1. Between segment 35-72 and segment 85-102, how far is it from one alpha carbon centroid to the other, in angstrom?
2. Pick from Phe140, Phe294, Phe219: which residue has the top mean-square fluctuation in a GNM of the chain where Cα pairs under 10 Å get a spring?
3. Check every DSSP H run in the chain and write down those whose alpha carbon atoms cover 18 angstrom or more along the long axis and whose mean Kyte-Doolittle hydropathy is -1.0 or greater.
4. Just want the ordering: Tyr99, Tyr310, Tyr375, from fewest to most Cβ atoms lying within 10 Å of their own Cβ.
5. Among Ala230, Ala73, Ala46, which one shows the biggest mean-square fluctuation in a GNM of the chain, springs joining Cα atoms closer than 10 Å?
6. Charges only on Cβ, +1 for Lys and Arg, -1 for Asp and Glu: so what's the dipole of the chain about the Cα centre, in debye to the nearest 20?
7. Round to the nearest 0.05 the FRET efficiency obtained for Glu250 and Thr399 when R0 = 35 Å and r is the Cβ-Cβ distance.
8. Just to be sure I understand: with springs between alpha-carbon atoms less than 10 Å apart, which residue in Gly252, Gly349, Gly123 has the highest mean-square fluctuation in the Gaussian network model of the chain?
Amino acid sequence: MRTPVDDISPAFASHPQGTAARNATILFLAALTIMAGATISPALPAIESHFSDNPQAAILTRLVLTIPALFIALSAPFAGVLADRYGRRPVAIAAVILYGLAGSSGLVADSLPGLLIGRALLGVAVAGVMTVATALVGDFFSGAGRDRFMGLQAAFIGMGGLVFLTGGGLLAELHWRAPFFIYAIAFGLLPAIALFIPEPVLDRRADTASPRAASAGLFTIPLTAVFVAAVLNSIVFYLMPTQLPFHLRELGTAAPILAGMALGLMTLASALMSFCYGRVRRHVSVAGVFALGFFLLAGGLGIVALAEDYTAILPGALLAGCAIGLVMPNLNSAAMGLADERQRGRVAGMLTASIFFGQFISPLISQPLSAQGDYASAFGFGAAMIMAASLTAFTVAATRRRRGIA
């Protein structure tokens, strides 16, 4: 008979004081990641208008949203190394302090380059936050327990997205700078991290291994497939926060609050679906979940591409949210399930880098299509890309099932 202890990792066994307070702190820490870009998404048209004297305002405004992703992608592998070598808690505390300072810098930045510098530093902070939040779940949970907590974590991020996106839309109605106030919330997490996050006791012998041996363990075929899936998912999904406000404006819906509500609906759907992730995984393989999630995302973007008014956009946002509610916890759980205990921080860092590298290049890929106001083509292109990924994942799942591989 299986007991709850069977789902607890050996690292947790060294810390019987693990409590609901610890788990709640990990959840709140993870929720900070959704704020990295999405919080200010409803304010993007106003930011572009404010800095319209800059000839590159259109692309630079999109980069205000996504440049944190580039610096997350560049910094996350280093954050993973630091977390494995020096511990999770020191990295988390330093990252949260930088997060609060850099995130709220948009309140005073007086130029697009200045705004971009603050957003870049925010990316460095999020690299530490997300890497630690993912690695801690790998440290304290295993098996079905890890799947359940990953689903709960993704749901919590989704609920945070609902609050922060809707709140960002409301604040953007007051002034385009107002959403930057939200980032100061991070400072409230510092006492909780210090009090409730125990430092996992791990076997750190990998730290003395050769760099070549250490890096080889990060690029096995299954892990590499997870990293590639993370990049592709982010490229396609991030069409929603980067292009949807502008697509709505072309359809005659310019109010930031309506863009915030559509994106908030998407994240609510994501949260609700993530609650079901652990249950889905009992019956569907990792590759099968990717196939289903990518199929739903393709359908959602296809609906957005064909929509002719605001009301028609909402079913697409709902479907895209359901997709991400399956895909994101599946990425995290798959990566942590494949990671060696001594390299969880590194694997979490590489996964974080993959997710946010995809976010960064998403507008660079879609902007040429949408530059002429053809936002529908950008969403249609994304739907075709992710449908191809769905078919690939389905083929892998079917092949593994025939061979009797879980």
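1. Centre-to-centre distance over Cα atoms comes out at 25 Å.
2. Between Phe140, Phe294, Phe219, it is Phe219 that shows the largest mean-square fluctuation.
3. Helices meeting the criterion: 57-86, 88-103, 112-140, 143-174, 221-237, 256-275, 286-306, 310-338, 344-370, 375-402.
4. Neighbour counts put them in this order, fewest first: Tyr310, Tyr375, Tyr99.
5. The residue that fluctuates most here is Ala46.
6. Values: 24 positive and 18 negative charges, 271 e Å.
Charge dipole, the chain, about its Cα centre: 1300 debye, nearest 20.
7. Working from the Cβ atoms, E equals 0.25.
8. Largest GNM mean-square fluctuation: Gly252.
Read-outs throughout are calculated quantities, based only on the coordinates presented, and are distinct from any laboratory measurement. Nothing here was measured: the structure is a model prediction, and the numbers come from that model. Counting neighbours? That spans all protein chains shown, and the Cβs are built from the backbone with ideal geometry, glycine included.
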